[in-house]
Structure formats: structure tokens, C-alpha cells
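Take a look at the structure below.
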Amino acid sequence: MMSSDYTVSAKARADVGKGASRRLRRLENEVPAIVYGGSNAPQMISILHKDLLWFLEDEAFFTSVVTLDIDGKQESVVLKDLQRHPAKLKILHADFLRVDANTKITLHVPLHFLNEESCVGVKTQGGNITHAATDLEVQCLPKDLPEFIEVDMALVETGTTLHISDLTLPAGVESTALALGADHDQAIATVHAPRGGSSSDEEAPSEEE
């Protein structure tokens, strides 16, 4: 699945430092941010808080190549980091990374778990599913960046753990963990047998043993 199109309006800012950032947030209701990467120097910018909050309501925004319009000059970026207020619905700072069409980028992509209710291990074997991960770090060219990665649980039986290597990644997309070797093949989800034993004929090790 290809990324969606987003254009975010921003302004260049000269005032830097904590005091300037506080004034931006309090008086202008803007979010201080930075754009970095590529051959250009890092640039300090600000974005209207209400605009950024609106974009962030869409999960796909986090894994899309975004057009950042800085005072009329456009740059292609991805959202790399976000600092939120610990108690309020408020964005404190955002980091954007410049992207180039021919250079691979590394980003965390959310996992979408499908068919959990109809999962064999749950529906017919009485098990339950636990998630060991909610996203996956991938590397790919900007054009291949997926909005999410599907994890189909339909045929997974009790006592089975899905790992990164069990996922079907889109063309051109690779797991950064698997690129380090098979010993980095992390667990994604497990279907646990029901308490008191498994309803299937499989022999599962007892927790009491």
C-alpha cells in the first residue's frame, strides 16, 4: 500500500532556544520543529498546532512522505520524531527528515493484525493472542514505504509464535532487524493455549513442569 499525499504549511524561524519555543507554543499556538538530513543544513521551522494535530489523527501520516511547504519552498520529508506533552493533548516539538527518491529511509511502520476473532487457535482451540510488537522498523525507498504491514492470524494455531520472518513484506521493503541476521528474528505475536491445557491434540509443555 502506497503512502498518502500530505502537504503541511510551515514557517522558517530565527528565534531558537527554550524561551523562544515556549513563546511560540504559548503566544502563537505553533509547534517548534526542525528539518534535517540530506545535503542542506538543518532548518528551524514552526507549524500551527491545530494543523499538525489534525494531520496526526490520521495514522498514515506517520508513515507517509510529506510535502513540507516552508514559506513557499517545498521539501519532501517524513516525520521522524514527535514530542508530546505528558498530560495534555499538546505537541511540544516535531522532527522531520528530508528524503530523496533514490535514497533508502528507515522508519517504524505499524502492524495491523487481521482475522484475530476467526483465528484457528482462538475460535476452535480456545486460545488467546498476545502481541509482542505493534510496529516494525523497515528500510526502503520512499516510493515503497507502506502505511502499515498486515499480520494475518487466521490460520495460526495455539502454541504458535509468529516472527518477523513469517510476515509478508511489500516489494522493496526489508526488516532492519532481519538484515542483521536470523538471531534478530523477533517475535510478533503468540497464540497461547487455554489455561488448563490445550484443546488440540498437540503436546504442549506444561507451565507447571
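Solvent-accessible area per residue in the chain equals 58 Å², computed with a 1.4 angstrom probe and all protein chains kept. Beyond 24 Å in Cα-Cα separation lie the following of the pairs K11/K80; K11/K104; K50/K80: K11/K104.
Could the peptides 125-133, 137-145 be put in order, highest first, of the mean number of other beta-carbon atoms found within 10 Å of their residues? Can you show the working numbers first?
On the way: 125-133: 16.6, 137-145: 18.1.
Order by mean packing, descending: 137-145, 125-133.
Please report, as a whole percent, how much of the solvent-accessible surface of the chain comes from carbon and sulfur atoms (probe radius 1.4 Å).
Answer for the chain is 49 percent, counting heavy atoms of protein chains only.
Assuming charge only on the beta carbon of Lys and Arg (+1) and of Asp and Glu (-1), the dipole of the chain about its Cα centre is about 1820 debye to the nearest 20. The value for region 55-209 of Rg(Cα) / (2.2 N^0.38 Å) is 1.31.
One decimal place: the segment A41-Q139 gains 32.9 nm when fully extended, by the rule 0.36 nm per residue minus the C-alpha distance. Computing FRET efficiency as 1/(1 + (r/R0)^6) for L56 and L114, where r is the C-beta to C-beta distance and R0 is 22 Å, gives about 0.35.
The values are calculated or read from the model by the stated rules, or taken from the named source; none is laboratory data. The structure displayed is predicted, hence computed values, not measured ones. For neighbour counting, all protein chains shown are included, and Cβ atoms are generated from backbone atoms with ideal geometry for every residue, glycine included. Calculation scope for accessible area: heavy atoms of the full protein, side chains included, ligands and nucleic acids excluded. Shrake-Rupley method; radii C 1.70, N 1.55, O 1.52, S 1.80 Å.
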